[in-house]
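Report on one structure; see the data block that follows.
Bear in mind these aren't lab numbers, they're just calculated from the coordinates by the rules spelled out. What you see is a predicted model, and the numbers here were worked out from it, not measured in a lab. Please note: Cβ atoms are built from the backbone with ideal geometry, for glycine as well, and neighbour counts cover all protein chains shown.
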Amino acid sequence: MNKNLPFMQWQLGLPSIDSIDNTEQAFGDAFLSAGQILYKYLLKIKSNCEITQEFSGEPFNLAVLGLFAKMCRSYYSYILLEVHKDRSGSQIFIEHLCETTLTLTYLLEEVDKSIFAKYIQASIHQAGYLLIQVKEQLIQAPSHPDLLKLQNQLENFISKQEQSESFELLPDLGSYLWGSKTDNTAKRGAVVGLNFLSNPARQIATNVIPASYLDIQLNYLHSKEQSSQIDFTALRDAAYLCLHATQAFLEEVFGDCQTEINDLEEEQQTLNALYEWFYNAHIYYQMQVGQTGQKQNSSSLSNSKITQQKHPG
């Protein structure tokens, strides 16, 4: 390994990989530090987009900006919990991250009005279904402030959407769900080549009722055995996923705002530097410490847009 940290990585403040002690905890601290740098970089992008009127005015742009913001939060929560070996907690947030980031990338790379309309329609039906549940609860507690607040939010959402498109609330809402309750995540991941983090077993396990006897048996009675190692492969891949989505997001932003290509090239250099750090750090960990007993994921985004100089046409 090169002892000299590349200039861009040094400028970002990324840890020097060769200086990391050969222990799992030292690598965990390094991955957390790099993850925090990635997180701050993502927040900076989000903040810049929120104040850019050219970008933030359209419904589609507002939706992808919201997804980007959720991606930032989910990523940071995931890395904190994973590095601190809270496996049951990290698995919940990796599902949020997968669902959010794959949806964001899918909407950006498969830009299609019908797809976005379906995305909105699914939420209209879900809002209608939740509103029915809220009203049923209000029969028992008609003055409950949170129920009344939620009712108002749902009614406002439905009313706002009705102004742009009509809909009929169907009794069977299964086909209108957009999320992990269907196979949409896996399908979207396959379309954009980012399904390597999707895990049906993990998705099912997150449905276990909190504090149930099953939850205790699966996640806590044997927690020392289950959380004995940090999953560095998943940490690397989570960063890849965010970087890929960020590339697609930036191309959409720069395309809408007609910003200079040089500005996109500067952002590309940052993305590449972050990608290379996680790629090399993972290899170095495998060489120096290894992960005995941990299944390695061979998927990688080495041929993705992150490692290419691609600009909007």
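Below, the figures for the structure above:
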quantity	calculated
In sequence order, calculated HN-Hα J values of region 7-12 (Karplus, 6.51, -1.76, 1.60; Hz; x Gly/Pro)	4, 5, 5, 5, 5, 6
Peptide ranges 149-160, 204-215 listed from the most packed, as the mean C-beta count within 10 angstrom indicates	149-160, 204-215
Over 21 Å (Cα to Cα) - which of Lys113/Lys160; Lys113/Lys135; Lys135/Lys160; Lys40/Lys149; Lys113/Lys149 fall in this group	Lys113/Lys135; Lys40/Lys149; Lys113/Lys149
Cβ-Cβ FRET estimate between Asp18 and Gln137, R0 fixed at 45 Å, reported to 0.05	0.20
Packing-based order for 65-75, 264-274, using average beta carbon neighbours within 10 Å, highest first	65-75, 264-274
Extended-chain gain in nm, criterion 0.36 nm per residue less alpha-carbon gap, Val208 and Gln286	24.8 nm
Length released on extending from Gln269 to Gln161, taking residue separation times 0.36 nm less the Cα-Cα span	34.9 nm
Within-11-Å neighbourhood charge of Ile115 [Cβ basis; K, R +1; D, E -1]	0
FRET E, pair Ala201, Ser47, Förster distance 45 Å, beta-carbon r, rounded to 0.05	0.75
